[in-house]
1. How high is the FRET efficiency from residue 81 to residue 26, r the C-beta distance, R0 22 Å, rounded to 0.05?
2. Can you give the three extents of the C-alpha atoms in the chain along their principal axes, from longest to shortest, in whole Å?
3. Taking the Cα centre of the chain as origin, work out the dipole magnitude from +1 charges on Lys and Arg Cβ and -1 charges on Asp and Glu Cβ, in debye rounded to 20.
4. Mind scanning 52/98; 75/101; 52/101 and naming the pairs with a C-alpha gap bigger than 18 Å?
5. Please return the longest range in the chain lying between exposed loop sites, taking GluC sites (Glu not before Pro), DSSP loop only, at most 13 other beta-carbon atoms within 10 Å, and leaving the sites out.
6. For every helix of n ≥ 4 consecutive DSSP H residues, a contribution of -39,500 (n - 2.57) applies; sum these over the chain, divide by its total residues, and give [θ] at 222 nm rounded to the nearest 500 deg cm²/dmol.
7. Please compute the modelled spin-label separation between residue 59 and residue 95, points set 7 Å along Cα→Cβ, answer in nm with one decimal.
8. In nanometres, what is the gap between the two model label sites at residue 104 and residue 116, each 7 Å from Cα along Cα-to-Cβ?
Amino acid sequence: MPRKNLPNKQVPAKLGAKLLSSVPFESGFHFFTAFGNFTGMTAISLVEFTAKLQIVPAESVQFHFEHKDFQKWIKGTIEDQKLAERINEIVHDGSSEKLRKDMLEIAQKRITELRRLSQ
C-alpha cells in the first residue's frame with residue numbers, strides 16, 4: 001500500500017529557532033508615537049522587540065497597542081500566532097506603563113518558551 005504524503009510539520013526545535021530569528025530591517029517593527037512620528041527605533045527579532053519595548057516612549061506602546069500593530073507584526077512577520085493571541089488578550093485599563101509591563105511579561109515568557117523549544 002503506498003504511503004500518503006504527510007504534511008511537512010516543523011519539529012518544535014526548528015519552530016522555536018525560526019520564531020526567534022531575525023527578519024530584514026525593512027520587515028522589522030518600526031516604533032512610532034503617532035502616524036508619521038517615528039521614534040527612530042526598530043526591532044528585527046522578538047528578543048530585540050522586547051528590549052526596545054522597555055525603552056520606547058510610553059505613548060508608542062499605547063499607539064501601537066490601540067492599532068493592534070504588535071499583534072499584526074508578530075503574527076504576520078514573525079509568524080508567532082500564540083504570542084499574537086496572548087497580546088490580544090491583554091485588558092488595557094488606560095495606563096501606558098501597565099500596558100508596557102503586561103506586554104513585556106507576555107513577550108519575555110514566550111521567548112523563554114521558544115528558547116526551551118529550540119534546545
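We did not get these values from a lab; they are worked out from the coordinates using the rules stated. Keep in mind it's a predicted model, so treat the numbers as computed, not measured. Quick reminder, even Gly has a Cβ in these numbers, built from the backbone with ideal geometry, and neighbours come from all protein chains shown.
1. 0.45
2. 61, 29, 24
3. 820
4. Distance filter (> 18 Å) returns 75/101.
5. 1-78
6. -16000 deg cm²/dmol
7. 2.1
8. For the pair residue 104/residue 116, the computed spacing is 2.2 nm.
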